[in-house]
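Structure first, commentary second.
Every number here is computed from the coordinates shown, using simple stated rules; none is lab data. The model shown is predicted, which means the values in this text are computed figures rather than measured ones. Don't worry about glycine lacking a Cβ; one is built from the backbone with ideal geometry, like all the others, and counts go over all protein chains shown.
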Amino acid sequence: MQEMLKRRQDETEVGCSVSLMAWSSSAKENDGGGSGGGGAGDEGTKKRESSEVEGHPYDFHVSGPRNLSSPNWKDLIRSSWRDPNYKRMVIACFIQAVYLLELDRQEKRTEENGLAPKWWKPFKYKVTQTLIDDRDGSIYGAILEWDRYAAFSEFIVVRPSGAPRAVLALRGTILKSPTIRRDLEDDLRFLAWESLKGSVRFTGALAALRSAVDRFGSSNVSVGGHSLGAGFALQVGKALAKEGVFVECHLFNPPSVSLAMSLKSVGEMAVSIWSRVRAALPTRSGEGGLIEKNAEARAVKIQCTEISKWVPHLYVNNSDYICCYYSDPSGPSGPEVARDGGGLVKAGASEGAATTAKLFVMSNGPKKFLEAHGLQQWWSDDMELKLALNHSNLINRQLRSLYAVPVAAAKMR
C-alpha cells in the first residue's frame, strides 16, 4: 500500500514538472527568452497578434470566399473579370474590406496585423484613399486601385480585361459606439427623406468618385456599396449619370424603406388623377399646347437614349425587409414609366425609354433577417441568383429624376 501511494506521488510530481516546464518554455518564447530580449519579445508579440488575426471570424481565410481564384497569367488570355459572378464577389470583398478598415482603426490594428488588407491583396489591388467622416474620424469608404507591382509578382504584365482601374467601396452601418451615432444619423436621413444628399459622406463619396473618373475614365471605374453604403453608391452614381458620366454600379442590400416613399406614393396618385382630369377638360392652348408636349416628349426621348449606358446592378434577398421592396411590383408608378417584361426596368415617357437597372434576387439565400441582410451571402459558393421578372416601381421612383426634363429645356430643344 505504501509502495502504491509513493508511486502515485512520484507520477504527480513528474506531471507537475512537465506542465511547469511547458509553461516556462512558452513564457520564454513570448518574452523573447528573458531579460535583454526586447527585440525578440516584440517579434513574439507580433507572431501572437498575427495568429489571433488569422483565427478571427472576419479573417479572409475564415469567412472569405472559398473557390475564388486570385489573378494569374492565365487571366491575360481569359479574364476572370469577364464573369459577372466573379466581379460581384470581388467587389463584395472590397466592401467587406472597408468595414474591416474601420474595425481595424477602432481596435488599433496596423496594416501589418490588420484584417482588412487580406480582403484586397489576393486580387492584386491596393487602397490609395480612405474616406473619413471628419465628425467622428470613422472610415466609411475607400478607393481601391489595380496594383501593377503586386501583379508583376504573379507574371501579370497588364491588367486583365474587365478589371476596373479603380473601385469606390462604401460600407454600411456598424453598430459600435465609435461610429454608431453618425451611421444611424444617415440611416434616419434616408428613412425620413429617401435621400442622402445632405450628408457629408455623400459629398465626400461623390468627390472621390469624380476624382477617380478624371484620372482613369468612367469606363475604368466602378462603385459598390452595402446597405447604407449601397444607398450612397446609388445616389453618387446617379449624380454623375445626370451629367452624362456613367460608372458601373453594384448595390448589395440597398435600403428601400422610407417614410418619404409612402408620401410620394400618395402624391403621385393625386398627380396621376389630376392629370387625367385635366386631360379631359377643354383647353385654349390648342395646337400650341400640343407642340409643347411633343417637344417635351422628344427631349425626354433624347435624354433616355443618352442615359441608356448606365445600368446599376441591385442584389436583393427577399427575406431582408430593408431591401425587399425593390422586388415588390406593387405601388403607383408615374405616367412617365414604361414597363418591360424581361426583368429589366425601363423609364421614360416615350418609346425611346432606356434600360435603367438590373435587379438580381437570391433564390436560395438565408431566411433569417440578420443573415439575409449580411454581405457574406454575396460571395457564397452555393448561391443562386435570378434576374427578377417582375416590374419594380421602386426602382422607377429612385431613377425617375434621371429622365425628368424641365419644360424650359424641352422648349430650347
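What to note about this one:
- Cα-only Debye scattering, the range 64-119: base-10 log of I(q)/I(0) at q = 0.24 Å⁻¹: -0.92
- Dipole in debye (nearest 20) - the range 63-142, about Cα centre, beta carbon charges: Lys, Arg +1; Asp, Glu -1: 560 debye
- Using only the C-alpha atoms, the convex hull of the range 103-215 corresponds to 120 Å³ per residue.
- DSSP-defined antiparallel bridges as percent of all bridges, the range 132-224, nearest 5: 65 percent
- Among the listed pairs LYS238/LYS309; LYS309/LYS358; LYS87/LYS126; LYS118/LYS367; LYS87/LYS118; LYS74/LYS121, those beyond 22 Å (Cα-Cα): LYS118/LYS367
- Shown here for the range 70-162: GluC sites (Glu not before Pro) in loop regions (DSSP other than H, G, I, E, B) with at most 13 other Cβ atoms within 10 Å, namely GLU107, GLU111, GLU112, GLU154.
- Dipole of the range 85-213 computed with +1 at Lys/Arg Cβ and -1 at Asp/Glu Cβ about the Cα centre; of LEU196, SER161, PRO178, farthest Cα towards the positive end is SER161.
- Electrostatic dipole magnitude of the range 47-190 [Cβ: Lys, Arg +1; Asp, Glu -1; Cα centre; debye, to 20]: 560 debye
- Cα→Cβ-extended label distance, 7 Å offset, between SER161 and ASP134, nm: 4.5 nm
- This ranking places LEU375, LEU131 by how few other beta-carbon atoms lie within 10 Å of each, fewest first, which gives LEU375, LEU131.
- Listing HIS250, HIS373 from fewest to most neighbouring C-beta atoms within 10 Å gives HIS373, HIS250.
- At full extension, VAL311 and LEU184 could sit 42.9 nm farther apart than now, given 0.36 nm per residue minus the alpha carbon distance.
- For the listed peptides 113-122, 76-85, a ranking on the average number of other beta carbons within 10 Å per residue, highest first, reads 113-122, 76-85.
- Applying 1/(1 + (r/R0)^6) with r as the Cβ-Cβ distance of GLN376 and SER401 and R0 = 30 angstrom yields a FRET efficiency of 0.35.
- Ranked for footprinting exposure by Cβ neighbours inside 10 Å, fewest first, TRP378, TRP73 give TRP73, TRP378.
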